[in-house]
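Where a number appears in this text, it was derived from the coordinates with a stated rule and is not lab data. Keep in mind the model is a prediction, meaning the values are calculated, not measured. When we count neighbours, we look across all protein chains shown, and the Cβ atoms used for this are built from the backbone with ideal geometry, even at glycine.
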Amino acid sequence: MKPIKDQSLAELNETCLEIRSKIIDAVSKNGGHLTSSLGAVELIVAMHYAFDAKNDPFIFDVSHQAYAHKLLTDRWDSFETLRRFGGVSGFTKPKESHFDYFIAGHSSTSVSVAVGAAKAIALKNETRTPIVLIGDGALSAGMVYEALNELGDRKYPIVIIVNDNEMSIARPIGAISLSLSRAIAAPWFQKLKSLIDGAIGGNETFHYLAKRFEESLRLITPGILFEELGLDYIGPVNGHDLGSLISVLNRAKEMKKTVVVHARTIKGKGYDIAQGKQEHWHGVGPFDKASGKPLKNGDKKSATEIYSDALLALARENDKIVGVTAAMPSGTGLDKLIEEFPNRFWDVAIAEQHAVTSCAALAKEGFKPFCAIYSTFLQRGYDQIIHDCAIDNLPVVFAIDRAGIVGEDGATHQGTFDIAYLRAVPNMILFAPRDETSLIDAVRFAADLNKPCAFRYPRGAFHDCLAAAFEPFELGKAQWLKEGEKLLLIGYGNGAAKALAISEILERGGTKAGVLDLRFVKPIDKNALKIAAKNYSRFAVVSDSSIVGGVSGAIAEALMEIDCLSVTIDRFELPDEFLRHGAVRQVEESLGLSVEQIAQRLSNG
């Protein structure tokens with residue numbers, strides 16, 4: 001492929017077709033973020049044409065839409081490894097390529113990154129220009145407006161492309177809006193504005209009339225929000241018209257201040273089956289390109305589906321049950337509840353802090369809020385968990401989806417830290433189900449608690465639990481699953497099911513290990529641990545959470561408190577590092593934490 005800057009407009013359009021074909025091929029085989037990446041192809045090609053990718057910071061928010069950028073910056077031949085273990089990441093990753101300026105798996109960080117970059121560029125007396133590509137959905141988070149607020153005052157040279165493909169910032173008004181957008185983008189209009197600003201001087205009447213004229217133009221375009229923040233705005237422009245995009249971006253760069261370019265695009269453009277479809281085709285598993293049907297459709301029910309059905313059943317019985325999610329209604333299973341009870345369940349957009357605090361107020365008013373957020377995203381509401389929920393002991397339920405290793409999304413999305421960051425919070429109760437039956441019971445148990453609590457469950461299906469007997473949750477009580485000799489496997493959540501599977505392998509080799517489902521990591525069952533310490537000399541802790549501040553640490557602390565320090569503890573938790581992307585099985589094996597590997601390590605002493 002010829003360098004982008006050497007291509008004609010016709011060649012650039014052909015390059016866009018090739019990029020789309022490459023994206024569809026890779027995602028159909030490996031899964032990934034499809035429609036957002038397809039919709040951003042021309043935007044990214046235009047960015048590479050108008051700016052210098054080697055020097056100008058290219059900042060993506062969220063970087064799941066950056067596949068075209070990867071293909072244009074040294075990863076064309078390796079792109080077929082997208083999201084595979086050891087392959088190309090599904091997000092921008094500076095360790096993967098120097099063309100990836102910043103890591104971005106959580107939304108709404110890009111403008112803040114650009115502000116910091118622009119400050120550094122100014123301090124170093126350089127002429128580089130940060131260029132931001134942000135989806136309109138990311139504008140639902142407050143962090144963006146914190147950064148825009150500063151930019152309205154500082155006006156650093158930054159170009160911000162708003163990729164409007166879903167939420168529609170504002171409705172363009174036909175030919176008038178298009179004509180005005182072209183005029184505002186034209187050099188003559190910007191020059192006229194400068195001349196007017198310079199000519200009016202102290203003439204208050206002229207100043208008033210000129211400002212009223214300019215404001216009358218703004219009011220019939222969608223840019224009033226940005227203009228009121230003190231930022232220049234161009235748009236909306238056709239995000240699939242390369243010629244117009246390149247012209248607008250070149251002009252924006254020449255303006256040497258903060259400019260917002262509003263581009264309208266179509267999600268999934270170039271793949272008719274997915275085009276215009278929203279959440280279903282946003283992130284997908286492998287699929288058949290011809291039909292669009294998924295290649296793998298497991299028979300086992302996912303933990304998310306189990307949670308959704310259980311909460312829906314409870315909500316039908318109890319009108320005090322309410323719920324919130326942050327821009328992930330289908331991902332957390334709340335879409336069913338929002339559809340049936342639109343006045344009791346809400347998607348508050350990408351606003352985890354707001355989600356948590358609003359749940360605190362709902363709890364204060366006598367309702368029982370279930371706040372369903374992925375483990376990785378709940379990190380963003382940590383201050384609100386402490387300040388707004390825990391201090392006043394308000395009974396908000398945190399249903400933590402995607403706990404543990406999440407696989408192909410990688411370091412930014414692994415749900416490894418929730419136990420560590422929640423265990424330190426006073427008044428918080430932490431527990432975890434191990435299978436479908438116990439998850440259903442966990443929902444009902446949480447509904448009856450009068451304290452803040454959190455329970456976690458994995459992405460996809462639970463490990464098979466080998467028909468372990470079910471006992472209802474009882475606050476702070478562990479459950480014995482198997483008796484054994486010398487060695488006790490202690491599992492937490494999905495780890496309890498793994499512990500059972502490990503015990504089966506060990507038993508076939510002649511080692512009879514006991515199994516304890518810890519169930520609660522806070523409050524922890526000290527009585528069960530005291531009994532265990534009397535009957536077993538060695539504990540093996542199995543949990544899909546970080547080893548730092550994790551389950552084994554909670555057990556060790558409890559053993560110190562009850563003066564049972566003679567037990568040896570083997571810890572099979574996730575290491576103190578950010579985990580690579582790849583299939584869950586491959587990631588576990590790379591860490592030596594598969595069921596078979598743990599059994600082998602325990603057998604070897």
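How would Leu133, Leu362, Leu591 line up from fewest to most surrounding beta-carbon atoms within 10 angstrom?
In increasing order of surrounding Cβ atoms, one gets Leu591, Leu362, Leu133.
How many nm separate the modelled label positions at Lys2 and Asp576, each set 7 Å beyond the Cα in the direction of the Cβ?
5.5
Return the long-range amide H neighbours of Ile373 (sequence gap of 5 or more, or a different chain), with a cut-off of under 5 Å between placed amide H atoms.
Amide H neighbours of Ile373: Ala399, Asp401.
Based on the mean of other Cβ atoms within 10 Å per residue, sort peptides 491-502, 555-566, 572-583 so the most packed one is first.
491-502, 572-583, 555-566
Starting from the Kirkwood radius over alpha-carbon pairs of region 479-603, derive D by Stokes-Einstein at 10 °C in a medium of 1.306 mPa s and give it in µm² s⁻¹.
109
Residues with beta-carbon under 14 Å from that of Asn13, excluding Asn13: net charge, scoring Lys, Arg +1 and Asp, Glu -1?
Local net charge: -2.
So what's the back-of-envelope 222 nm ellipticity for the chain, counting only DSSP H runs of four-plus at -39500 (n - 2.57) apiece and dividing by all residues, rounded to 500?
Theoretical 222 nm ellipticity from helices: -12000 deg cm²/dmol.
With a/c under 1.5 counting as rounded, go ahead and sort region 303-456 into rounded, prolate or oblate using the C-alpha gyration tensor (a ≥ b ≥ c being the square roots of the eigenvalues; past the cut-off, prolate if a/b is larger than b/c, else oblate).
Rounded shape, in that the Cα axes give a/c under 1.5.
Tell me the angle of helix 494-508 to the major Cα principal axis of the chain, expressed in degrees between 0 and 90 and rounded to the nearest ten.
Here the helix axis deviates by roughly 50 degrees.
Would you calculate the separation in nanometres between label points at Ser590 and Lys289, each defined as 7 Å from the Cα along the Cα-to-beta-carbon direction?
2.7
Please list, in chain and number order, the residues 5+ apart from Ile350 or on another chain whose amide H is under 5 Å from its amide H, with Hs placed from the backbone.
Close amide H contacts, sequence-distant or interchain: Ser140.
Kindly write out, for region 458-464 in residue order, the coupling ³J(HN,Hα) from the Karplus curve 6.51 cos²θ - 1.76 cosθ + 1.60 (θ = phi - 60°), rounded to whole Hz, with x marking Gly and Pro.
After applying 6.51 cos²θ - 1.76 cosθ + 1.60, I find x, 6, x, 8, 5, 5, 4 Hz.
Just add up the charged neighbours of Arg571: K/R +1, D/E -1, any other residue whose Cβ is under 13 Å from the Cβ of Arg571.
For residues surrounding Arg571, the net value is -2.
Among the listed pairs Lys451/Lys522; Lys269/Lys289; Lys70/Lys256, which are separated by more than 20 Å between their Cα atoms?
Flagged as over cut-off: Lys70/Lys256.
Counting other Cβ atoms within 10 Å, keep those with at most 16, restrict to DSSP loop, and tell me which GluC sites (Glu not before Pro) in region 431-500 are left.
Glu474, Glu483, Glu485
Give me Arg571, Arg83 ranked fewest to most by other Cβ atoms within 10 Å of their Cβ, as a rough exposure proxy.
Going from sparsest to densest Cβ surroundings: Arg571, Arg83.
Can you say what percent of the DSSP beta bridges in the chain, counting only those with both residues inside, are antiparallel? Round to 5.
15
Using θ = phi - 60° and the Karplus relation 6.51 cos²θ - 1.76 cosθ + 1.60, list the HN-Hα couplings for region 374-383 in order, rounded to whole Hz, with x at every Gly or Pro.
These are the phi-based 3J(HN,Hα) values: 4, 3, 5, 7, 5, 3, 6, x, 5, 4 Hz.
If the label point is 7 Å along Cα→Cβ of Asn604, which residues in region 492-517 have backbone nitrogen under 15 Å from it?
Backbone N within reach: none found.
Out of the DSSP beta bridges found with both residues in region 303-456, what percent are antiparallel (nearest 5)?
Bridges in region 303-456 are about 5 percent antiparallel.
Could you state the angle between the C-alpha long axis of helix 110-123 and the longest principal axis of the C-alpha atoms of the chain, as a value from 0 to 90 degrees rounded to the nearest 10?
The two axes meet at around 60 degrees.
Just report the Cα centroid separation between region 281-324 and region 342-366, whole Å.
After rounding, the separation between the Cα centres reads 21 Å.
Using the 10 angstrom Cβ neighbour count as an exposure proxy, how do Phe539, Phe99 rank, fewest first?
Phe99, Phe539
Using only Cα atoms, find the angle between the long axis of helix 41-50 and the longest principal axis of the chain, and express it within 0 to 90 degrees, rounded to the nearest 10.
Helix 41-50 sits at roughly 60 degrees to that axis.
What FRET efficiency would be calculated for the residue pair Ile531, Asp74, taking the C-beta separation as r and a Förster radius of 56 Å, to the nearest 0.05?
It comes out at approximately 0.45.
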